[in-house]
Amino acid sequence: LTSGTMFNDPNFLDARRDNRTVKTYHGDEGILLKPGILYLAHTVERTFTPNVVPMLEGRSSLARLGVCVHQTGGFGDVGFNGQWVLEISCIHHVRIYPGMAICQLVLFDTVGDLMPYRGRYQHQSGPVACRLWQDKA
């Protein structure tokens with residue numbers, strides 16, 4: 001975890017606007033996670049899954065400290081290419097450090113014709129905030 005994003009107002013987020021974020025950078029001292037704040041971070045690794053469905057899961061050791069690494073965005077898409085954004089929250093104050101293994105990727109085989117991902121997060125790099133506001137509905 002070398003960089004991350006925090007929403008500047010955790011009490012008011014709006015799905016129909018581009019929510020402002022605050023970028024932070026962390027060295028060897030890590031970051032102290034605080035309850036009630038949503039932290040967006042990204043994996044060091046980039047993945048490309050042309051013919052499998054990826055699923056990101058947190059490590060149980062971190063969960064035992066009260067840290068959740070994703071809220072509901074655990075499944076990826078066939079054809080996704082990029083870094084994974086982690087939606088980190090915690091129930092206690094917890095310090096995490098750069099280079100910690102905090103999640104794992106599970107890959108599922110696919111059946112039938114594939115429709116590769118072409119969504120708004122393709123080729124993302126770094127923590128990318130919600131882009132739901134780009135929907136036309």
Residue satisfying all of: in the stretch 22-50; under 16 Å from ILE88 (Cβ atoms) and outside any strand (DSSP E or B); least open to solvent (accessible area, probe 1.4 Å) among these: GLY30
Scope the stretch 98-114; condition within 16 Å of the chain's Cα centre (by Cα), surrounded by 12 or more Cβ atoms within 10 Å (Cβ to Cβ) and not in a strand (DSSP E or B); matching residues: PRO98, MET100, ILE102
Filter result for ASP77 (without any contact (Cβ under 8 Å) to a residue 24 or more places away in the chain and either among the aliphatic types (A, V, I, L, M) or open to solvent by less than 80 Å² (accessible area, probe 1.4 Å) (or both)): no
The stretch 51-69 - residue that is open to solvent by 30 Å² or more (accessible area, probe 1.4 Å) and in a loop (DSSP other than H, G, I, E, B) and, of those, farthest from LYS34 (Cα to Cα): ASN51
Those residues of the stretch 77-135 which are among the polar types (S, T, N, Q) and at pLDDT 85 or above, in sequence order: ASN81, GLN83, SER89, GLN104, THR110, GLN122
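The values are calculated or read from the model by the stated rules, or taken from the named source; none is laboratory data. Since the model is a prediction, treat every value here as computed from it, not as a measurement. Counting neighbours? That spans all protein chains shown, and the Cβs are built from the backbone with ideal geometry, glycine included. These accessible areas exclude ligands, DNA and RNA; they are computed on the full protein's heavy atoms, side chains included. Shrake-Rupley method; radii C 1.70, N 1.55, O 1.52, S 1.80 Å.
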